[in-house]
Amino acid sequence: MMNRYRALARARGVASVTWIAAAFVFLFAPLVVVVGASFDGGNRTFLNFPPQEFSTRWYFQIAPDLFQSLALAIGLGLTTAFLACILGVPAALGLVRAEFRGKAIVAALFRAPLQIPAVVIGVSFLKLYYLIGDVFGLRLVGTLPGLLIAHLFLATPYVIGSVVAVLQRFNLRLEEAALSLGASRMRTFRRVTLPLIMPGVYAGAMYAFLVSFGDVPVSLFLGGPGMQPFAAKIFNLMEYDFDPSLLAISTYIIVGSFAAIYFLQRAIGLDQLTRSGGG
């Protein structure tokens with residue numbers, strides 16, 4: 001009887017592992033297709049997988065404006081993540097620790113960008129920028145500040161949400177101990193609070209960067225000539241034509257993303273991203 005139960009448990013374990021492995025193979029299959037098709041040297045107007053003429057020619061024929069769009073997207077994403085942390089950490093502290101009338105409404109407003117479709121956000125900012133241009137003569141459409149403000153609107157809720165999750169499990173006695181030993185409130189925040197909530201800040205910043213880097217709808221509305229982030233640039237190019245060099249630069253992005261996540265895990269650690277402060 002015992003052997004039968006063990007055999008049944010082993011069979012269930014094998015079935016679970018097989019099912020999970022099959023699901024991940026299916027999820028990663030599109031990336032494998034893109035990487036494999038990038039090494040097809042044929043001058044085709046469609047994606048060809050598996051490659052029939054192995055070549056790296058498309059890696060040397062990537063248009064310079066694609067690299068410019070990529071650099072713009074990385075710079076925009078990093079700036080968005082930094083500013084989202086500057087805004088999001090105080091907002092999270094206020095939501096968790098302050099008591100005021102209408103707190104639930106304020107919390108809902110902070111998280112509203114997560115519920116609003118990005119297309120609606122793009123149209124809204126476009127109309128707002130036109131209005132500002134008509135009234136004040138300030139041009140924001142097709143400029144870096146215009147894109148940055150809209151991406152900040154999209155990304156800040158992720159920082160607020162991740163920091164709030166850490167603060168809700170924060171051990172306040174650690175701050176009380178620092179204050180009782182004579183530390184000022186600013187020094188207590190800098191030496192006690194901030195290090196303990198850094199896992200939430202790291203996670204929020206990472207999500208903010210990814211949201212900004214991968215955004216298409218908002219960038220399509222607010223970008224302009226020479227001011228299109230990488231994802232919007234790729235979308236525009238794929239809409240009207242197919243250039244195999246797009247597969248090559250997409251492969252760079254895929255490999256770079258895996259490398260960035262790997263080194264982030266090595267530098268910070270997954271446990272740091274999930275551990276809350278001092279609870």
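The values are calculated or read from the model by the stated rules, or taken from the named source; none is laboratory data. Just so we're clear, the structure is a prediction, and the values are computed from it rather than from any experiment. As a convention, Cβ positions derive from the backbone with ideal geometry for all residues, glycine included, and neighbour counts pool all protein chains shown. Only protein heavy atoms, including side chains, enter the accessible area calculation; ligands, DNA and RNA are left aside. Shrake-Rupley method; radii C 1.70, N 1.55, O 1.52, S 1.80 Å.
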Report task. Residue by residue through the stretch 90-110, note down the ones that are within 11 Å of Val164 (Cα to Cα), touching a residue at least 40 places away in the same chain (Cβ under 8 Å) and surrounded by 12 or more Cβ atoms within 10 Å (Cβ to Cβ). Result -> Ala91, Ala92, Leu93, Leu95, Val96
Query - Number of the exception - Ala7 against (1) open to solvent by 60 Å² or more (accessible area, probe 1.4 Å); (2) modelled with pLDDT under 85; (3) hydrophobic (A, V, I, L, M, F, W, C) - result: (1)
Query raised in the report: Quick check: is even one residue across the stretch 53-71 surrounded by 14 or more Cβ atoms within 10 Å (Cβ to Cβ), within 20 Å of Asp241 (Cα to Cα), modelled with pLDDT under 90 and basic (Lys, Arg)?
Result: yes
Query raised in the report: Does the stretch 36-45 include one or more residues that are open to solvent by 50 Å² or more (accessible area, probe 1.4 Å) and either among the charged types (D, E, K, R) or within 21 Å of Ala231 (Cβ to Cβ) (or both)?
Result: no
**Report entry** Residues (among the hydroxyl-bearing types (Ser, Thr, Tyr), under 18 Å from Ala267 (Cβ atoms) and modelled with pLDDT of 90 or more) located in the stretch 181-213
**Finding:** Tyr207
Query raised in the report: Hey, Gly77 hits all of (1) open to solvent by 30 Å² or more (accessible area, probe 1.4 Å); (2) under 19 Å from Val218 (Cα atoms) but one; which does it fall short on?
Result: (1)
Report task. Give Gly133, Gly146, Gly182, Gly200 a once-over and let me know the one that is in a helix (DSSP H, G or I) and either without any contact (Cβ under 8 Å) to a residue 60 or more places away in the chain or open to solvent by 80 Å² or more (accessible area, probe 1.4 Å) (or both). Result -> Gly133
Query - Residues located in the stretch 221-252, provided they are buried (at least 19 other Cβ atoms within 10 Å of the Cβ) and part of a helix (DSSP H, G or I) - result: Phe221, Leu222, Phe230, Ala231, Ala232, Lys233, Ile234, Leu246, Leu247, Ala248, Ile249, Thr251
